[in-house]
Amino acid sequence: THEIKRVKQWYQRRVRGAQEPTSIKIYSELPEIIYNNMKIVNRTLFPSVEKFLVAFTRSGGVIEACPPSDDVTCITVDMFIEPTGGVQIKNTGDQIRATEFQTWAISAPQTSISPPRVHSNALAVANACYERGIIGYISVGFATFIDPKTSEQLLWAIDLKIQYTDTMAMANVLQYVTGGHFDSQTGLFKIPEYKVMPALASRFKSPKERQPPNHRFAILSPRLFHTNLSLVHYSVFFQMCRAHHIGYDIREREGSIFTLIDSYKRDLIGMTVVEPDLVTALKTFLRNLSVVHQEISSANMPGKNNFNALIGEIDNILKSLEIPAVEEKPSEETVVES
């Protein structure tokens, strides 16, 4: 077809400097690969392959290698490159994908691979960016998987965003409400230590209970979408949260925080859940999603949303860990708006 010819012409221009045998092989196989293997993920933007090819040949695109594994975990690393060349690793997180190629949340810090490997690889990418005149905020996407031939865990850098990202913004909110900071060397998000008041210390049985852990795990979701949110005033929304004990404990530095993103249509909202361990954070995030979805939806008016897909994905994660997905929250909490 005409669009396939345009793809060929575009590819010919891009591979003129490549090795001739390789470019000829890819050129000959490209049309068949496109029609037999292309899967349109977002049909709102591209209803058909032809519509995608029109945009692809007009604006260009990126062809990425696919890791040779069915079990791939993607990691987000947010960094800041200083004008002097210094690099600050602000946040790392495992991506939670409700749909293929679309990340709706991350669990931070990442736990998929040893923190020193992520630290060294992220610094290598940041230093390469600085050598090319790039400073400021960047976000690097990694993929980690087990090599089927060597059984070694590999880490590939697959994505680079030169901008202040949503996850970076949510990480800054997390640091603000907890007073904590991310230690990229150890892979822990640490909060200031505090001691239980002497008058209350006798209520706790062990030293561990008297001195709570000084690190936290968080689930960061910058773009929760539900059309029915626009029908609920913010005051009613937070009253609903209080009724279901969804809130943030300022002293314990754990709970749930909401970011009100879209002031016009009001169908987007961000949510951060902070807990002492990752499993509790996942369970709390799942419970919050379920409660909000049930309260603002009905059988006659379910609304368009990404809640259901995200609930299903987190439920699958908890099932893979063989952990029940229901977790009740303490009753005395305060909702914090940001």
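Against the criterion of solvent-accessible heavy-atom surface with a 1.4 angstrom probe, Arg266, Arg117 sort, most first, into Arg117, Arg266. Between the alpha-carbon centres of segment 51-130 and segment 213-232 there is a gap of 21 Å. Backbone amide hydrogens, once placed in the peptide plane, bring His215 within less than 5 Å of Ile191, excluding anything fewer than 5 places away on its chain. Peptides 30-41, 267-278 ordered by packing proxy, namely the average of other Cβ atoms within 10 Å per residue, highest first: 267-278, 30-41.
If you take all other residues with their beta carbon under 12 Å from the beta carbon of Gln153, and give Lys and Arg +1 and Asp and Glu -1, the sum is -2. Within the accessible surface of segment 227-304, defined with a 1.4 Å probe on protein heavy atoms only, the carbon and sulfur portion equals 55 percent. With the simple spin-label model, which puts each label point 7 Å out from Cα in the Cβ direction, the Lys304 to Glu252 separation comes to 3.9 nm.
In this structure segment 29-86 gives 64 Å² per residue of accessible area when probed at 1.4 Å with all protein chains present.
Fully extending the segment from Glu131 to His215 would add 26.8 nm, taking 0.36 nm per residue of separation and subtracting the current Cα-Cα distance.
When His233, His293, His244 are compared by accessible area of protein heavy atoms, the largest-first order is His233, His244, His293, using a 1.4 Å probe.
The values are calculated or read from the model by the stated rules, or taken from the named source; none is laboratory data. This is a predicted model, so every value here is computed, not measured. Reconstructed Cβ throughout: ideal geometry from the backbone, glycine too, with neighbour counts over all protein chains shown. Calculation scope for accessible area: heavy atoms of the full protein, side chains included, ligands and nucleic acids excluded. Shrake-Rupley method; radii C 1.70, N 1.55, O 1.52, S 1.80 Å.
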